[in-house]
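The values are calculated or read from the model by the stated rules, or taken from the named source; none is laboratory data. Here the structure is a predicted model, which is why all the values come from computation and not from measurement. Note that we place each Cβ from the backbone using ideal geometry, even for glycine, and neighbour counts take in every protein chain shown.
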Amino acid sequence: MENQVPVIKPNNNMALAIFTTICCCLPLGIVAIIKANSVDSLYAMKQYDAAIMASNEAKKWSLIGIFISLFVVVLYILCVGILGIGSFAFINGL
Amino acid sequence: MDYKIFISLEKLSVALIGITLSGIILYNLNPNLYWFMPKCPFKIITGLSCPGCGIQRAIYSLLHGNIVDAIQYNYYLLYSGPYAILFVVEWLLPNGNARNKLKNVIENKYVVNFYVVTFLLWLVTRNLLNI
């Protein structure tokens, strides 16, 4: 342990996590914020592997959150679009 | 060692293009009126307003000069908006003293925890009071 070379501080991906919470993927965004928050403290405690892992986790949860909400939004727009066009066709007897 | 003194042109152009595009879209299309404007996935699934809901309507109102309306769509944006902008500023800044100072303030543990707590409190209050 004493000989461990200090590694470069991993990116804590906090900006991505904050973005995730504001863009409506809040449960996973909060998880990402908590993970991101632990990166710097783990790094300060010289637990470099754990810090890198927390950094990756923060990024992972943010991205999952962003993709889930993108998926839901696209699905919603498709549904509304198709149903909307469908009912328009129905009303007009097409 | 560190030659990055200037703001990276790539990042700057990404930010400028993003801001202009969303500005143009939100200026011209009232999110209340068009079905294809993205809806909040949290609201679609749960029916509840999330702490960020109202951001498009607020930007639309702001771009049309209705500041009071903009604030009423989401009071929490008064705090979370500037906070998020500071993260964009941090992302844009070149590595160096200014960036580190900003980073230490906005990514401070207590500042982040304050954000998380107020975020959740706002989620509960806005849905209880219907604001």
Exercise. Answer yes or no as to whether A:Asp49 is more than 16 Å from B:Phe119 (Cβ to Cβ), within 10 Å of chain B (Cβ to nearest Cβ) and either over 17 Å from the mean Cα position of the chain (by Cα) or not in a helix (DSSP H, G or I) (or both).
Key: no
Quiz prompt | Residue that is farthest from the other protein chains (Cβ to nearest Cβ), among those in region A:17-34 that are among the hydrophobic types (A, V, I, L, M, F, W, C) and touching a residue at least 40 places away in the same chain (Cβ under 8 Å) | solution = A:Leu28
Quiz item: Does region B:55-66 contain any residue that is touching a residue at least 12 places away in the same chain (Cβ under 8 Å), farther than 18 Å from B:Thr118 by Cβ, surrounded by 14 or more Cβ atoms within 10 Å (Cβ to Cβ) and touching a Lys or Arg at 6+ places or on another chain (Cβ under 7 Å)?
Solution: no
Practice problem: Out of the residues in region B:1-51 that are of a type in the set (Phe, Trp, Tyr) and touching a residue at least 12 places away in the same chain (Cβ under 8 Å), state the one that is nearest to B:Trp122 (Cα to Cα). | Solution: B:Tyr27
Quiz item: Which one is farthest from A:Gly65 (Cα to Cα), of the residues in region A:23-32 that are out of contact with any Phe, Trp or Tyr (no Cβ under 7 Å at 6 or more places or on another chain) and at pLDDT 85 or above?
Solution: A:Ile30
Quiz item: From the residues in region B:1-42 that are surrounded by fewer than 14 Cβ atoms within 10 Å (Cβ to Cβ) and under 18 Å from A:Leu70 (Cβ atoms), which one is farthest from the other protein chains (Cβ to nearest Cβ)?
Solution: B:Leu21
Quiz item: Which condition breaks for A:Lys59 when tested against (1) at positive phi; (2) crowded, with 17+ Cβ neighbours inside 10 Å?
Solution: (1)
Practice problem: Return the pairs, sorted by first residue and then second, in which the second residue is assigned to a helix (DSSP H, G or I) and hydroxyl-bearing (Ser, Thr, Tyr), the first residue lies in region B:70-88 and is within 13 Å of B:Ile55 (Cβ to Cβ), the beta carbons are less than 6 Å apart, and the residues are 6+ apart or on different chains. | Solution: B:Ala70/B:Ser61
Exercise. Would you please name the residue that is nearest to the other protein chains (Cβ to nearest Cβ), looking only at residues in region B:90-110 that are assigned to a helix (DSSP H, G or I) and loosely packed, with under 14 Cβ neighbours inside 10 Å?
Key: B:Lys109
